[in-house]
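These notes concern the structure reproduced below.
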Amino acid sequence: MTAATRLTAGWRSSGRPAGLDEHLDRYGPLPDRARPGALARAVTEAGLTGRGGAGFPTGTKLQAVGARRGPAVVVANGMEGEPASEKDHALLSRAPHLVLDGAVLAAEDVRAEVVHVCLPRTKPGLADVVREAVADRQRARRDGVPVEVHELPHYYVSSEETSLVRWLNGGEARPLGGRERPFERGVRRRPTLVDNVETLAHLALIARFGPAWFRQAGRPEAPGTMLATVSGAVDRPGVYEIEVGTPVADVLAWSRVREPAGAVLIGGYFGTWHDLADVAAAGMSAPQLRRAGASPGAGVLIALPEGACGLSETARVLGYLAGQSAGQCGPCAFGLPAIADDFAQLAQARASGAVLERLDRRLGALPGRGACRHPDGAVRLAASALTAFAPDVHAHARHRPCFAARRFDARGETSSPAILPVPAAAPDEQWAEGGWS
């Protein structure tokens, strides 16, 4: 397989957001508006799945919202809570009109009266780009559905779909508990479609060029392209558009992975660590990675450099995830901090007591018991690290740290550069009540 240029057409030559005229020259006008439900059928035939991490069939979501009574709401999720991902920021910074095309088309298909674009408050320049694109479309009288741009608090869990609904309803950007889903009762208790911005950009292309065109890339069971963020031990880190199913080794080769790279993190901070040799031939698609115990998630690949301590890197991330929880249930409020503390002791080779037994017990108790999937994702990452770095795990547990871990001081700090990006805590950030005015 080769790299693709569908969503990323013209990115390298311009290096700036495409204006409306440039966007139309690149992709052509939108097709004549079809009857509600027609786009959902085309998207289902195309086989598009969500690109935000969960990978749920997009056509099914459209159909579920469109089948509800009354006016609906569409929410374009550009929060990108995953620190290791840059794809949504890159897409909105270069092709905002492609995302807005998809959001408006989805709104028309489900009979929605408004589109909300949700963006992180920590990246105000991004909101400016999208607002300018919306203003261009308003001047051109392009859309029959109003589009509103919002800036939300930027926590890891704030990108969860029920967090967006809660904030738009005037609450805090924390996940909602309970079984009621947004497609049933979301923003203002209306049927609500929440889709990742990359998903909506693909939807806009399917509307223009059709399901058969979309399936020309990727694999029959996992068609299309996807945006992947590659970093770590590579000389050309960045966002790549790849065909779904491209082998992990090929993606790393395009980014000029440094040899030898022994381990790779797939899927981001809710993802899994693997020995590179075990997953090199696996394709970046849910069906193929599932056989290796992995998932593409938000399309994140991080190659661990030789000599880096995977346990220390994982401990940093677990500490971050514990601090990013909504704190609304026991698994997040108590379980995650306990796991993060155990892992920090293990990483520093200063564990007290039977740390591996404690971790085994705690990692087995948390999944499926939280109000959202935050504990499950953190547990998945921690468990995979214990397997991928098994020799170091047992050495650290016996107070025999690897060379990289020896560089950590008593506070768990090191002068060596960190590999996995962990945002600094924002002391003035609050969950903040929102609201749709």
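The values are calculated or read from the model by the stated rules, or taken from the named source; none is laboratory data. This one's a predicted model, so the numbers in the text were calculated from it and none came from an experiment. Note that we place each Cβ from the backbone using ideal geometry, even for glycine, and neighbour counts take in every protein chain shown. Ligands, DNA and RNA are stripped out before the accessible areas are found, and what is left, the full protein with its side chains, is counted by its heavy atoms. Shrake-Rupley method; radii C 1.70, N 1.55, O 1.52, S 1.80 Å.
Of everything in region 258-267 that is touching a Pro at 6+ places or on another chain (Cβ under 8 Å) and either modelled with pLDDT under 95 or in a helix (DSSP H, G or I) (or both), the residue that is surrounded by the fewest Cβ atoms within 10 Å (Cβ to Cβ) is 258.
Sort through 255, 231 and tell me the only one that's of a type in the set (Gly, Ala, Ser), at pLDDT 95 or above and in contact with a Lys or Arg (Cβ under 7 Å, 6 or more places away or on another chain). Give the steps one after another, and end with the answer.
Values: 231 fails: in contact with a Lys or Arg (Cβ under 7 Å, 6 or more places away or on another chain).
Matching residue, one of 255, 231: 255.
Residue by residue, here is whether (1) touching a Gly at 6+ places or on another chain (Cβ under 8 Å); (2) assigned to a loop (DSSP other than H, G, I, E, B); (3) of a type in the set (Val, Ile, Thr) holds:
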| position | (1), (2), (3) |
| --- | --- |
| 270 | yes, yes, no |
| 278 | no, no, no |
| 281 | no, yes, no |
| 289 | yes, no, no |
| 292 | no, yes, no |
| 295 | yes, yes, no |
| 298 | yes, yes, no |
| 306 | yes, yes, no |
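The set of residues from region 191-223 being farther than 25 Å from residue 130 by Cα and not in a strand (DSSP E or B) comprises 210, 211, 212, 213, 214, 215, 216, 217, 220, 221. Out of curiosity, is residue 362 within 23 Å of residue 274 (Cβ to Cβ) and touching an Asp or Glu at 6+ places or on another chain (Cβ under 8 Å)? The answer is yes for residue 362.
If you check residue 162 against the conditions, is it in contact with a strand residue (DSSP E or B) (Cβ under 8 Å, 6 or more places away or on another chain), polar (S, T, N, Q) and open to solvent by less than 50 Å² (accessible area, probe 1.4 Å)? When the stated conditions are applied, residue 162 does not pass them. The residues of region 236-252 that are over 21 Å from residue 11 (Cβ atoms) and open to solvent by 20 Å² or more (accessible area, probe 1.4 Å), listed by number, are 247, 249.
Mind checking whether some residue in region 23-34 is assigned by TED's automatic domain parsing to the domain that holds residue 185, open to solvent by 20 Å² or more (accessible area, probe 1.4 Å) and touching a Ser or Thr at 6+ places or on another chain (Cβ under 8 Å)? Looking for residues that are assigned by TED's automatic domain parsing to the domain that holds residue 185, open to solvent by 20 Å² or more (accessible area, probe 1.4 Å) and touching a Ser or Thr at 6+ places or on another chain (Cβ under 8 Å), one finds none in region 23-34, hence no.
Tell me, yes or no, whether region 212-235 has at least one residue that is among the charged types (D, E, K, R), open to solvent by less than 60 Å² (accessible area, probe 1.4 Å) and in contact (Cβ under 8 Å) with a residue 12 or more places away in the chain. No; the residues of region 212-235 include none that is among the charged types (D, E, K, R), open to solvent by less than 60 Å² (accessible area, probe 1.4 Å) and in contact (Cβ under 8 Å) with a residue 12 or more places away in the chain.
With respect to residue 43, determine if the residue is under 17 Å from residue 164 (Cβ atoms) and outside any loop (DSSP other than H, G, I, E, B). So residue 43 fails the test. Where helices (runs of 4 or more DSSP H) fall entirely within region 343-426, those with at least 1 residues that are modelled with pLDDT under 95 and open to solvent by 50 Å² or more (accessible area, probe 1.4 Å) are at 355-365, 390-397.
Name, by its number, the condition in (1) within 19 Å of residue 54 (Cα to Cα); (2) open to solvent by less than 40 Å² (accessible area, probe 1.4 Å) that does not hold for residue 255. Going through the list (1) within 19 Å of residue 54 (Cα to Cα); (2) open to solvent by less than 40 Å² (accessible area, probe 1.4 Å), residue 255 breaks only (1).
Region 63-159 holds strands (runs of 3 or more DSSP E) entirely within its bounds, and those carrying 1 or more residues that are among the acidic types (Asp, Glu) and open to solvent by 10 Å² or more (accessible area, probe 1.4 Å) map to 112-120, 147-152.
Taking region 178-197 as the range and being more than 20 Å from residue 63 (Cβ to Cβ) and either open to solvent by less than 50 Å² (accessible area, probe 1.4 Å) or not assigned by TED's automatic domain parsing to the domain that holds residue 149 (or both) as the test, only 197 passes.
The C-beta contact set for region 87-98 (first residue closer than 13 Å to residue 199 by Cβ, second residue open to solvent by 10 Å² or more (accessible area, probe 1.4 Å) and charged (D, E, K, R), distance under 6 angstrom, 6+ apart or interchain) comprises 88/80. Close contacts from region 335-357, counting a first residue that is assigned by TED's automatic domain parsing to the domain that holds residue 368 and a second that is among the hydroxyl-bearing types (Ser, Thr, Tyr), with Cβ to Cβ under 8 Å and a gap of 6+ residues or different chains, come to 336/325; 343/314; 345/352; 347/312; 347/314; 348/312.
Count of region 309-328 residues, restricted to those that are modelled with pLDDT under 90 and hydrophobic (A, V, I, L, M, F, W, C), is 1.
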